[in-house]
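Colleague: My structure is below; once you've seen it, I'll send some questions.
The values are calculated or read from the model by the stated rules, or taken from the named source; none is laboratory data. Remember, it's a predicted structure, so these values are computed and weren't measured experimentally. No Cβ is skipped: glycine too gets one built from the backbone with ideal geometry, and neighbour counts run over all protein chains shown.
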Amino acid sequence: MKTNQNLLRKLMPPLLTVLVVGSLILAACTGEEKATPISMPTTPTTTSTPILTPTATSTPMSTPALTPTTVPTPIPPTPTPTNTPIPTHPEEITAMTYNILAGGGVGPTDPNGSWCCDVVGGCCGNKGGNRLPLLLEIIKAANPDILGIQEANLWQQDNDAIARQVAHELGMNYYIGASGNPDGSHVVLFTKFRIIEAQNYPDHFTSPVPRGGLHAVLTTDGGNTLHIFVVHLRPDSITEDEILFVSQIAQPYLNDLTIIMGDMNFGVTSTQADCLRKTGWELPIFREVDQIWVSPKLSPYTYPSNWLTSYVEGEIDPEPLQSKYSIASDHFPVVTTIDIYSP
């Protein structure tokens, strides 16, 4: 018995050392900052001090240096992006430009006057000097949201009597771009949209017959802002002063949703057309001198309108439209459909 006790006394110090080191390692791995001290008994015992396993409420592992010692607030999941995608169904509008020839023959103008081109090809036709009913029939067939009229002679007289009548017939708002001469060749904008503001240029389109030009700001039903220019340039535009003026007044709106329409009186390969192209404007729709220029934002989404087909097929009138063209004016209307994608 004494021999066994002597043996235990010899083995006890190494065993205690192993227990202390093991307790320190366990404490470090489980988050204990300080190991539980183990008493050095003077006499051997059959049971050692139990090592407590940390519970869920025990102190967490020490935070590494250079980081906050407080427990960080959990980061919530990343929300789903809320960026509005480009709509698959854009706002579609129809724009139309039309030179109606000397006011459409309405007003006190002599129906047998030199302006009536019966000799050339029957512009007055079987409806006599007043071609306004025929013109309205053609316009209603196209059903434009935006309509630019050139040669609206006398439409400003009697408190815009003719312009108001046309606006009423079409269910549109209007603005007259009167020339500097009351008997001149005015331009008129008609639109189903709200006209926010408008400006006339009576002194810049003058020779050989006083003509007009205008700029209007519209708000569409979809809330888009449009800049519309309606102009009628002189036929002998050998010099580029008028087209330079148009480019100058329109240039601030090149990066907006902008349309320049009218009787340009120059061909699509002329120096005047090159002037507009070089300043950033694009010409997707035209018929000879009657043209619709648009800003780069609109150009990819500008298409020829199918109104001619639907009209000829009889949705409006079974009479072929081509014959009505020829007696309504010496110009053909130009119509386009434009898709507008909101920014």
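Colleague: Can you tell me which of 169, 197 is modelled with pLDDT of 90 or more, surrounded by 14 or more Cβ atoms within 10 Å (Cβ to Cβ) and farther than 17 Å from residue 276 by Cα?
Modeller: 169
Colleague: Let me ask something else. What are the pairs, 6+ residues apart or on separate chains, where a residue within the range 242-269 that is more than 14 Å from residue 297 (Cα to Cα) has its Cβ under 8 Å from a residue that is modelled with pLDDT of 95 or more and part of a helix (DSSP H, G or I)?
Modeller: none
Colleague: Could you tell me whether residue 279 is among the β-branched types (Val, Ile, Thr), over 23 Å from residue 189 (Cα atoms) and at pLDDT 90 or above?
Modeller: Considered against the rule, which asks whether it is among the β-branched types (Val, Ile, Thr), over 23 Å from residue 189 (Cα atoms) and at pLDDT 90 or above, residue 279 comes out as yes.
Colleague: Given the criteria in a loop (DSSP other than H, G, I, E, B) and under 22 Å from residue 179 (Cβ atoms), does residue 235 qualify?
Modeller: Yes.
Colleague: For residue 219, indicate whether it is of a type in the set (Val, Ile, Thr), surrounded by fewer than 19 Cβ atoms within 10 Å (Cβ to Cβ), in the same structural domain as residue 98 (by TED's automatic domain parsing) and touching a strand residue (DSSP E or B) at 6+ places or on another chain (Cβ under 9 Å). Quick ask: steps written out before the conclusion?
Modeller: Values: of a type in the set (Val, Ile, Thr): yes; surrounded by fewer than 19 Cβ atoms within 10 Å (Cβ to Cβ): yes; in the same structural domain as residue 98 (by TED's automatic domain parsing): yes; touching a strand residue (DSSP E or B) at 6+ places or on another chain (Cβ under 9 Å): yes.
Criteria met by residue 219.
Colleague: If you don't mind, another one. Considering each of 312, 289 in turn, give the residue that is surrounded by fewer than 22 Cβ atoms within 10 Å (Cβ to Cβ), modelled with pLDDT under 90 and either of a type in the set (A, V, I, L, M) or not assigned by TED's automatic domain parsing to the domain that holds residue 186 (or both).
Modeller: Details: 289 fails: modelled with pLDDT under 90.
Sole residue among the options that is surrounded by fewer than 22 Cβ atoms within 10 Å (Cβ to Cβ), modelled with pLDDT under 90 and either of a type in the set (A, V, I, L, M) or not assigned by TED's automatic domain parsing to the domain that holds residue 186 (or both): 312.
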